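Below you'll find the structure, written out as structure tokens, and then a few comments.
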Amino acid sequence: MFTYNFKYELTSLLRSKWLVILAIILLIIVLFAGNNGQERVDKRLVDIQKITAKTNLEDQHTLQILDSIERGFTVTTDSWDLPNNPMNFAMENSRVAALYPNSFTFISVGQSDLFAHFVQPKIFGDNFAQNYSELSSPVQLLFGSFDLAFVIIYILPLLIIAFSYHILSEEKEYGSLKLLASQPISIFNWLLQKVGFRFFWLTLITLFVLSITFIVNGFDFSTNLSGFLSLLLLVTSYILFWFVIALLVNIYIGNSAKNAVSLLGIWVFIILLLPATISQLSNVFYPIPSRAKLLTEARKIKDEAEKKQDKILDNFLRDHPEYASKDGQTNYTFWHKYIASKKLVDEELSPLLESYNNQLQEQQKWIGNWQYVSPTIIMQQSFNNFAGTSTAHYQNYRTQVIEFSNTWKDFFIPLVYNNKNFKSSTYKDLPKFNYKPPKSASATINTIVILLFSGLIIGLSYLIFNKKKKKGTLID
């Protein structure tokens, strides 16, 4: 029966040209999505390379000026802008803290259209923790990005529905199901084989098209082969999930038109409503404090600090005697007062920022816990983790940049309070930013969870099949 079904299904699909049409549609949209994602990655790399090259050029120019000053030559730079002043160097020659894309980044835009990929933490200006997002097109945010994750998670299920909504009902409507039932074969096994063949061909086409897309975009298989295979397994499990959904609907309803409408309703519920409900509940249970309130509080504290900078400086030096002048001089400049008042502003804002971050973490924890009720969220989180564009990646990047920003400030503050110049020999000791990616949830676990969903649905389909068979409503 297996061989006969295989030949019959293949002949039937080839005659209807479904396989050819499906392969062409998938190839076009997957290649386009892959190219779209790669263009974003290329732009991101170019932006980082440009700012890095600009910083290196400025460093060379600054080192030349420092060398001239240390040799006693006259320089044309304004006296208030000389780089041997530690604060001038810290402001004008800040390091680039970049989040480079990885080999999988082109598959999912994720949160990358909301956050910046590089920043230059400065010793002067607003706290980096208050602002590290970049401007985005509201139109693009509204419609989302057309990447591989979008094609696999949103569009592929629609193709599966179109490919399988009438697997059983068509036989029933043509009257051939009664002939099959009169044969000494198990209708459920026959149906499983029919679904299995279609799952096999669609999976083969999808994985082949995905592999071509990865090759076209210059993916390095030698160093990322295990990750690539994990991704293919994940996609395969997702395809299987939608085929068993189609199996269940075919058995339970048994009418082609109603099957199609029901499957589209299930698609809307699983793809749109369930993730939106989980996201909305996370906002209800863990609301994030208003960003406008954060900025208003920051301005208020900053204004108050500017009015009493002398007193703040005295308190700061009392708390940090290592910064007090050793020779008894008290002729402190604007920078001494600014650093002291800035530290006070940061300390005053710390509880508000902490509450903002805690709520955000609680939201992500909530979504992380509830992701396992929705294959769509599992898939989106997995794609984002592969691409390094998940919220966890950007929060981790933000934390590392804040730590680096503090390290950068702490490097220059002792020079300022000890009235020491920045020298060219100190350049090699400047702090450097090295991003360390966080540990992400295993794609294998997510694949197993989706397979468990499929197993449960197959079990439910078998129970409904037997129930309808006993009632005699399966064929008629």
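The values are calculated or read from the model by the stated rules, or taken from the named source; none is laboratory data. Note that the coordinates shown come from a computational prediction; the quantities given were computed from them, not determined experimentally. Neighbour counts run over all protein chains shown; Cβ positions are idealised from the backbone, glycine included. The protein model used for the area step is the full one, side chains on, heavy atoms only, and it has no ligands, DNA or RNA in it. Shrake-Rupley method; radii C 1.70, N 1.55, O 1.52, S 1.80 Å.
Examine the stretch 416-434 for a residue that is within 30 Å of L274 (Cβ to Cβ) and open to solvent by less than 70 Å² (accessible area, probe 1.4 Å), and state whether such a residue exists. Scanning the stretch 416-434 turns up no residue that is within 30 Å of L274 (Cβ to Cβ) and open to solvent by less than 70 Å² (accessible area, probe 1.4 Å). When the residues of the stretch 188-231 are filtered to those that are of a type outside the set (F, W, Y) and under 21 Å from S176 (Cβ atoms), the one that is surrounded by the fewest Cβ atoms within 10 Å (Cβ to Cβ) is N189. Within the stretch 236-272, the set of residues being outside any helix (DSSP H, G or I) and either modelled with pLDDT of 90 or more or open to solvent by less than 40 Å² (accessible area, probe 1.4 Å) (or both) comprises just one member, G254.
For first residues located in the stretch 54-74 and of a type in the set (G, A, S), partners that are assigned to a loop (DSSP other than H, G, I, E, B) and open to solvent by 60 Å² or more (accessible area, probe 1.4 Å) and lie 6+ apart or on another chain with Cβ distances below 9 Å form the pairs S68/T74. On the basis of being surrounded by fewer than 18 Cβ atoms within 10 Å (Cβ to Cβ), among the hydrophobic types (A, V, I, L, M, F, W, C) and touching a residue at least 60 places away in the same chain (Cβ under 8 Å), does L281 make the cut? So L281 fits the description; yes.
Kindly indicate whether I413 is open to solvent by 50 Å² or more (accessible area, probe 1.4 Å) and of a type in the set (A, V, I, L, M). Against the criterion (open to solvent by 50 Å² or more (accessible area, probe 1.4 Å) and of a type in the set (A, V, I, L, M)), I413 does not qualify.
Against the test of being in contact with a Lys or Arg (Cβ under 9 Å, 6 or more places away or on another chain) and either free of Cβ contacts under 8 Å to residues at least 24 places away in the same chain or farther than 24 Å from Q380 by Cα (or both), the options K439, K432, K469 yield a single qualifying residue, K432.
Being open to solvent by 20 Å² or more (accessible area, probe 1.4 Å), in contact with a helix residue (DSSP H, G or I) (Cβ under 8 Å, 6 or more places away or on another chain) and among the hydrophobic types (A, V, I, L, M, F, W, C) is true of W370. Residue pairs whose Cβ atoms lie under 6 Å apart, sitting 6 or more positions apart in sequence or on different chains, and linking a residue in the stretch 220-243 that is touching a residue at least 40 places away in the same chain (Cβ under 8 Å) and over 19 Å from S454 (Cβ atoms) to a partner that is among the hydrophobic types (A, V, I, L, M, F, W, C) and not in a helix (DSSP H, G or I), do not occur here.
Condition check ((1) outside any loop (DSSP other than H, G, I, E, B); (2) aliphatic (A, V, I, L, M)) across all residues:
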{"residue": "Y427", "(1), (2)": "yes, no"}
{"residue": "F433", "(1), (2)": "no, no"}
{"residue": "K436", "(1), (2)": "no, no"}
{"residue": "K439", "(1), (2)": "no, no"}
{"residue": "G455", "(1), (2)": "yes, no"}
{"residue": "I458", "(1), (2)": "yes, yes"}
